[in-house]
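> Pasting a structure here, questions to come.
The values are calculated or read from the model by the stated rules, or taken from the named source; none is laboratory data. None of these values were measured; they are calculated from a predicted model. Here the Cβ is made from the backbone with ideal geometry for all residues, glycine too, and neighbour counts use every protein chain on show.
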Amino acid sequence: MVSTWNNAFEIGIETIDAQHKELFRMLRDLEQMVLTKCSQYEYNDFVKLICEVRDYSTYHFYEEEKIMEVTEFLELDNHRKQHIAFKEEINKINYIQLEKEPLPIINELKSYIELWIMQHMLLEDTKLRTYTHKLTKN
Ligand SMILES: [Fe+2]
Ligand SMILES: [Fe+2]
């Protein structure tokens, strides 16, 4: 399980690190739902959390890309594509199915975000570390 934030994820830009911690918190909420087989939650709880993931990630990606623009991050185009792919994945959620049988969908979303954290946040976002000096200059 990757649900606990640790120093390996730290970039050194306070706002971005705080936003990443918030995404970890959402992953933990999803894990909690899966652990209880979704039995203690209602449809509205799932929708609320999914909307939170969608809205918060949109906000976070915007903020992160803004910093990447300012610091002239070299892989910004590719990075942006990965952010778009994440948003598309969230938009694919079938709400009719979610209401009928939430567990498979919540479990799939949890696994997707886990993978995202290991592949994107840990390997791609952390590349920003080498650019942080460009922020303090201004
Ligand atoms: Fe990113
Ligand atoms: Fe990020």
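> Name every residue in the stretch 60-110 that is among the basic types (Lys, Arg) and under 16 Å from Val47 (Cβ atoms), in order of residue number.
Listed by number, the residues that qualify are Lys92, Lys100, Lys110.
> Look at the stretch 99-114 and say how many of its residues are over 14 Å from the mean Cα position of the chain (by Cα) and within 19 Å of Lys21 (Cβ to Cβ).
Number of matching residues: 0.
> Could I ask something else about it? For the stretch 63-86, give me each residue that is in contact (Cβ under 8 Å) with a residue 12 or more places away in the chain and either of a type in the set (Lys, Arg) or touching a Cys at 6+ places or on another chain (Cβ under 9 Å) (or both).
Arg80
> Given the residues Ile50, Ile93, which is the only one that is over 15 Å from the mean Cα position of the chain (by Cα) and either more than 13 Å from Asp125 (Cβ to Cβ) or of a type in the set (Asp, Glu) (or both)?
It is Ile93.
> Ok, one more. Test Leu49 against the criterion of being away from ligand 2 (no atom under 16 Å from the Cβ), touching a residue at least 40 places away in the same chain (Cβ under 8 Å) and surrounded by 13 or more Cβ atoms within 10 Å (Cβ to Cβ), and give yes or no.
It is false that Leu49 is away from ligand 2 (no atom under 16 Å from the Cβ), touching a residue at least 40 places away in the same chain (Cβ under 8 Å) and surrounded by 13 or more Cβ atoms within 10 Å (Cβ to Cβ).
> Then there is this: Every residue in the stretch 94-134 that is in a helix (DSSP H, G or I), more than 16 Å from ligand 1 (Cβ to nearest atom) and of a type in the set (Asp, Glu), please.
Glu99, Glu108
> Let me ask another. Search the stretch 25-46 for residues being of a type in the set (Phe, Trp, Tyr) and surrounded by fewer than 18 Cβ atoms within 10 Å (Cβ to Cβ), and hand back the single one that is farthest from Gln97 (Cα to Cα).
Only one residue tops the list, namely Tyr41.
> Same structure again: Is there a residue in the stretch 94-112 that is at pLDDT below 95 and farther than 23 Å from Ala8 by Cα?
No: zero hits.
> Turning to a different aspect of this structure: In the stretch 53-92, what count of residues is obtained for those that are more than 16 Å from ligand 2 (Cβ to nearest atom) and surrounded by 14 or more Cβ atoms within 10 Å (Cβ to Cβ)?
The total comes to 0.
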